[in-house]
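Worksheet: one structure, shown below.
Rule-based calculations on the coordinates, nothing more; no lab input. None of the values given here were measured: they were computed from a predicted structure. Glycine also receives a Cβ, built like all others from the backbone with ideal geometry; neighbour counts cover every protein chain displayed.
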Amino acid sequence: MIRFENITKSFGKRQILRGVNLEIEQGKTTVIFGVSGGGKSTIIKHMVGLLKPDSGIISYKGMRIDNIDESALREIRKKIGFLFQSGALFDSMDIRGNVAFPIIEHQKLTPKELEYKIDEKLTMVGLDPKIVKSLYPEELSGGMRKRVGLARTLALEPEIILYDEPTSGLDPVTSDFITQMICRLRDEMGMTSVLISHDIAESFKAGDNYAMLFDGVIVEAGGKEAFQNSPNEVVQQFIHARSTGPIAFH
Ligand SMILES: Nc1ncnc2c1ncn2[C@@H]1O[C@H](COP(=O)(O)OP(=O)(O)O)[C@@H](O)[C@H]1O
Ligand SMILES: [Mg+2]
C-alpha cells in the first residue's frame with residue numbers, strides 16, 4: 001500500500017534516513033521498531049507528505065506521492081489517518097467538537113448524520129457519547145484523550161492509520177485497549193495500520209509484519225516469526241532489551 005524506495009533525509013548536516021526501503025502491506029499491521037531519535041517519526045511524516053525526502057521514491061497504492069503538489073497531497077491525506085503521539089486534541093473544544101471537526105471539514109452530512117457518526121466513533125473506542133461529548137479534554141485522563149484522538153481519526157473513514165507511539169505514557173489497561181483496537185480494525189474492517197512503538201510486548205500482540213530501523217536504514221523486515229528469529233544482532237538486542245553495551249551508532 002505504501003512503498004519507500006531508497007529514501008534519504010537530512011536535517012542540516014545530520015542524515016537521519018540513509019536509504020530506507022520499506023513496504024506497508026494492505027490489510028495488515030506493520031510495526032516499525034527503532035531506537036529513540038532514530039527517525040521513526042520522520043518515516044511516518046514522509047508517509048503523509050509532512051516531510052519530503054532528499055532522494056528516493058514514496059508511493060501510495062502505486063502512485064508517487066513524494067513529488068506531488070499540495071492539492072493532490074490533500075486528497076491522499078484524507079485517506080491516511082494519523083494518530084499523533086500526544087493525541088493532539090483542541091483544548092478549547094469539547095469532545096463532540098473535537099470529533100466533529102474533521103468530519104465537518106471533509107464531509108457533507110446532515111446534522112442527524114453528523115451526530116450519528118460522532119456517537120458511532122466514540123462508542124467504537126469504548127466511550128459513552130452521552131457522558132463524554134460535553135466534556136473538555138482537560139477533564140479526561142490521558143488514556144481517554146487518546147481514545148478521543150482515535151475516534152477523531154476514525155471519523156474520516158481512513159484507508160490506513162499511522163500510530164506514532166500510541167501507548168507511550170498510558171496505563172496498561174488503555175495500552176491493551178489500543179492494541180486490541182488495532183487488531184479489531186484489521187479483522188473487522190480490513191484496516192491497514194503502521195505502528196511505531198517502544199512497547200515491544202504490546203507490539204508483538206498487534207503486528208503482522210515488522211521492520212527494524214537502525215542507523216538510517218531498515219536492517220531487517222519480515223513476518224513476526226521470521227523477525228523474532230532474525231539472526232541480526234540489532235534485532236535481537238532490541239527485542240530482548242539486552243544490555244550488552246551500546247550498539248555502535250553512526
Ligand atoms: N524537523 C526537524 N528538524 C531538525 N531535526 C529533526 C526534525 N525532525 C526530527 N529531527 C531529528 O531527527 C532525528 C530523528 O527524529 P525522529 O524521527 O523524531 O526519531 P524517533 O521518532 O525515532 O524518536 C532526531 O535526532 C531529531 O532531533
Ligand atoms: Mg518519534
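Any chance you could count how many residues in the range 90-100 are over 15 Å from P158 (Cβ atoms) and in a helix (DSSP H, G or I)?
5
Go through (1) aliphatic (A, V, I, L, M); (2) within 17 Å of M212 (Cα to Cα); (3) in contact with a Gly (Cβ under 6 Å, 6 or more places away or on another chain); (4) away from ligand 1 (no atom under 14 Å from the Cβ) for L73 and report which single condition fails.
The failed condition is (2).
Which number in (1) within 15 Å of ligand 1 (Cβ to nearest atom); (2) part of a helix (DSSP H, G or I); (3) under 24 Å from N6 (Cβ atoms) marks the one condition that F227 misses?
Here F227 clears every test but (1).
Would you kindly identify the helices (runs of 4 or more DSSP H) lying entirely within the range 124-218 that contain at least 1 residues that are under 23 Å from F33 (Cα atoms) and over 14 Å from the mean Cα position of the chain (by Cα)?
Helices (runs of 4 or more DSSP H) meeting the threshold: 142-155, 172-189, 200-206.
Look through G62, G19, G12, G38 and report the one residue that is more than 14 Å from ligand 1 (Cβ to nearest atom), farther than 22 Å from E159 by Cβ and of a type outside the set (F, W, Y).
Going through G62, G19, G12, G38 in turn, just one is more than 14 Å from ligand 1 (Cβ to nearest atom), farther than 22 Å from E159 by Cβ and of a type outside the set (F, W, Y): G19.
Kindly indicate whether any position in the range 67-88 is in contact (Cβ under 8 Å) with a residue 24 or more places away in the chain and more than 26 Å from L185 (Cα to Cα).
Taking every residue of the range 67-88 in turn, none turns out to be in contact (Cβ under 8 Å) with a residue 24 or more places away in the chain and more than 26 Å from L185 (Cα to Cα).
Please go through the range 164-199 and give me each residue that is over 15 Å from G142 (Cβ atoms), touching a residue at least 40 places away in the same chain (Cβ under 8 Å) and more than 16 Å from ligand 1 (Cβ to nearest atom), ordered by number.
Scanning the range 164-199 gives M181, I182, C183, R186, G190, M191, T192, S193.
Inspect all residues belonging to the range 50-69 and state whether any of them is within 16 Å of ligand 2 (Cβ to nearest atom) and surrounded by 14 or more Cβ atoms within 10 Å (Cβ to Cβ).
Checked the range 50-69: at least one residue is within 16 Å of ligand 2 (Cβ to nearest atom) and surrounded by 14 or more Cβ atoms within 10 Å (Cβ to Cβ).
Of everything in the range 127-186 that's among the basic types (K, R) and either crowded, with 18+ Cβ neighbours inside 10 Å or closer than 20 Å to M47 by Cα (or both), which residue is farthest from ligand 2 (Cβ to nearest atom)?
Applying the filter and picking the extreme gives K133.
In the range 1-55, what residues are closer than 19 Å to R77 by Cα, in contact with a strand residue (DSSP E or B) (Cβ under 6 Å, 6 or more places away or on another chain) and either of a type in the set (F, W, Y) or without any contact (Cβ under 8 Å) to a residue 12 or more places away in the chain (or both)?
Of everything in the range 1-55, just one residue is closer than 19 Å to R77 by Cα, in contact with a strand residue (DSSP E or B) (Cβ under 6 Å, 6 or more places away or on another chain) and either of a type in the set (F, W, Y) or without any contact (Cβ under 8 Å) to a residue 12 or more places away in the chain (or both), namely F4.
Please work out if T42 is among the polar types (S, T, N, Q), in contact with a helix residue (DSSP H, G or I) (Cβ under 9 Å, 6 or more places away or on another chain) and either surrounded by 13 or more Cβ atoms within 10 Å (Cβ to Cβ) or more than 30 Å from E188 (Cα to Cα) (or both).
no
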